[in-house]
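S.K.: One structure, pasted below without further comment.
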Amino acid sequence: MLIQRNTKHMSLRGRRPSRMLRAGLLLLISMLALQGCIQPSSGGESTDTAGETDKTFLYETMNYTYKTDETGFLQYIVTGMDAQYLVLANKTSPLGADYIPDTVRLTCATNPYNQRDETLNSRAANALYAMLSEMAADGITDIFVTSSYRSYDRQQSLFYGYIDEEMSKNPALTREQAEQIVLTYSAYPGTSEHQTGLCVDFGTNAEYNEVGEVLTEYFEETAAFRWLIENCYRFGFILRYPEDKVSVTGYTYEPWHYRFVGREAATEIMLRGLCMEEFLNELN
Ligand SMILES: [Zn+2]
């Protein structure tokens, strides 16, 4: 039910950048294939040390290059497909109130308009710093973190706060109806990925100046977005809620939301046009 509602909501969204992205990724994959960098899974060498499967992953044959010195950061970016970074939190696999990850305070730029401390899993935080410095090396510095770890309790108070807001805006609504509206833009406690401490939402000054707020579709128009969509996997991050996967993720398109999964999984997910749910299904 939730999925249908979100799909409906989605139809209002713009489509052009995603199509361009997919075309770009397909082109990249074809080029790699032509150069013999990608081997078909049937003919792949059995370099997979993960165990029982004979799957050949794209990341195993990738040649990752960086402008900035990543020597100290690779230990964070490359996770060896560690399950703790592949934790799933969605509407059908909610986290419990007792899922409380260890987090550290972020030292990168955070939202200057709300002056809030942001915290994240320390490995994801280091991968994020590496990504931001590479981005800066490419000339993109207008970017900040506007949301990161959010506890179960915080999500709970946000969620029920939104319901109260909707009901005071429109007193004719029943609580049920208000909840349905809130579910189109906020998550039930336990179903927000922000509870994992492994994801961030980005904003930019350009967006704030143009729209007066962040976490808007305008993020797609920024240089930061164009860079992230092409490069985030090299640092272990994925676009978590793609426009064409709403029916699988159960969440509307969020060009600003990036999830840390480690470079291996991120490469498969981003370059093969999967979403996290699809990749996890493939793994199992
Ligand atoms: Zn988010």
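The values are calculated or read from the model by the stated rules, or taken from the named source; none is laboratory data. What you see is a predicted model; the values in this text were computed from it and never measured. In this analysis, Cβ positions are derived from the backbone assuming ideal geometry, glycine residues included, and neighbour counts consider all displayed protein chains. Surface accessibility is based on the protein's heavy atoms, side chains included, excluding ligands, DNA and RNA. Shrake-Rupley method; radii C 1.70, N 1.55, O 1.52, S 1.80 Å.
S.K.: How large is ³J(HN,Hα) for each residue in segment 117-133, as worked out from phi by the Karplus curve 6.51 cos²θ - 1.76 cosθ + 1.60 (θ = phi - 60°), to whole Hz, x for Gly and Pro?
M.R.: Listing the rounded values in order: 6, 10, 10, 8, 3, 5, 5, 5, 5, 5, 5, 5, 4, 4, 5, 5, 6 Hz.
S.K.: Sticking with this structure for a sec: With θ set to phi - 60°, apply the Karplus curve 6.51 cos²θ - 1.76 cosθ + 1.60 along segment 166-176 and write out the HN-Hα couplings as whole Hz, x wherever there is a Gly or Pro.
M.R.: Going residue by residue, I get 4, 6, 7, 5, 9, x, 6, 6, 7, 4, 4 Hz, with x marking Gly and Pro.
S.K.: Once you list every other residue whose beta carbon is under 11 Å from the beta carbon of Thr146, what net charge do they have if Lys and Arg are +1 and Asp and Glu are -1? Can you show the working numbers first?
M.R.: Details: positive: Arg116; negative: Glu118, Asp201, Glu207, Glu213.
Here the charged neighbours net out to -3.
S.K.: With a 1.4 Å probe and all protein chains left in place, how much of the accessible area of segment 177-277 comes from carbon and sulfur atoms, in whole percent? Numbers along the way, then the final one.
M.R.: Values: 1200 of 2600 Å².
Within segment 177-277, the accessible surface is 46 percent carbon and sulfur.
S.K.: Could I ask something else about it? Work out, in µm²/s and without decimals, the Stokes-Einstein translational diffusion coefficient of segment 103-153 at 25 °C, 0.890 mPa s, Rh from Kirkwood over C-alpha pairs. Spell out each step's value before the answer.
M.R.: Numbers: Rh = 11.6 Å.
For the chosen part, D equals 212 µm²/s.
S.K.: When the Kirkwood radius is taken over all Cα pairs of segment 169-284, what Stokes-Einstein diffusion coefficient follows at 4 °C and 1.567 mPa s, in µm²/s?
M.R.: Details: Rh = 15.5 Å.
Approximately 83 µm²/s, per Stokes-Einstein.
S.K.: Determine, from the Cβ-Cβ distance of Asp102 and Ala172 and an R0 of 51 Å, the FRET efficiency 1/(1 + (r/R0)^6), rounded to the nearest 0.05.
M.R.: Details: r = 45 Å, r/R0 = 0.88.
Efficiency computed from Cβ-Cβ geometry: 0.70.
S.K.: With a 10 Å radius around each residue's Cβ, average the other Cβ atoms per peptide and rank 219-229, 262-272, 132-142, 233-243, highest first. Could you put the intermediate results ahead of the total?
M.R.: Numbers: 219-229: 19.9, 262-272: 23.4, 132-142: 15.8, 233-243: 24.9.
So the order, starting with the most tightly packed, is 233-243, 262-272, 219-229, 132-142.
S.K.: To continue, here is another question. Sticking with the crude label model, points 7 Å out along Cα→Cβ, report the distance from Gln75 to Ser122 in nm, one decimal please.
M.R.: The answer from the label model is 1.1 nm.
S.K.: Just the Cα atoms of segment 212-261, one point each, no solvent: what log10 I(q)/I(0) does Debye give at q = 0.14, 0.22, 0.25, 0.29 Å⁻¹?
M.R.: Per q value, in the given order, log10 I(q)/I(0) is -0.35, -0.82, -1.00, -1.16.
S.K.: Quick one: which residues, 5+ away or cross-chain, put their amide H under 5 Å from the amide H of Met81? H built at 1.01 Å from N.
M.R.: Glu264, Ala265
S.K.: Considering amide H positions built from the backbone, and no H for Pro or chain starts, which residues 5 or more places from Ser147, or on another chain, come under 5 Å of its amide H?
M.R.: Excluding prolines and chain starts, which carry no amide H, the hits are Asp201.
S.K.: Rank by packing, highest mean first: peptides 55-62, 250-257, 113-120, 198-205, with packing defined as the count of other Cβ atoms within 10 Å averaged across residues. Can you show the working numbers first?
M.R.: Details: 55-62: 17.5, 250-257: 21.9, 113-120: 14.9, 198-205: 24.5.
The peptides rank, most packed first, as 198-205, 250-257, 55-62, 113-120.
S.K.: Please turn the phi angles of segment 83-90 into ³J(HN,Hα) values with the Karplus equation 6.51 cos²θ - 1.76 cosθ + 1.60 (θ = phi - 60°), one per residue in order, whole Hz, x for glycine and proline.
M.R.: With the stated coefficients, segment 83-90 comes to 4, 5, 9, 10, 4, 9, 9, 8 Hz.
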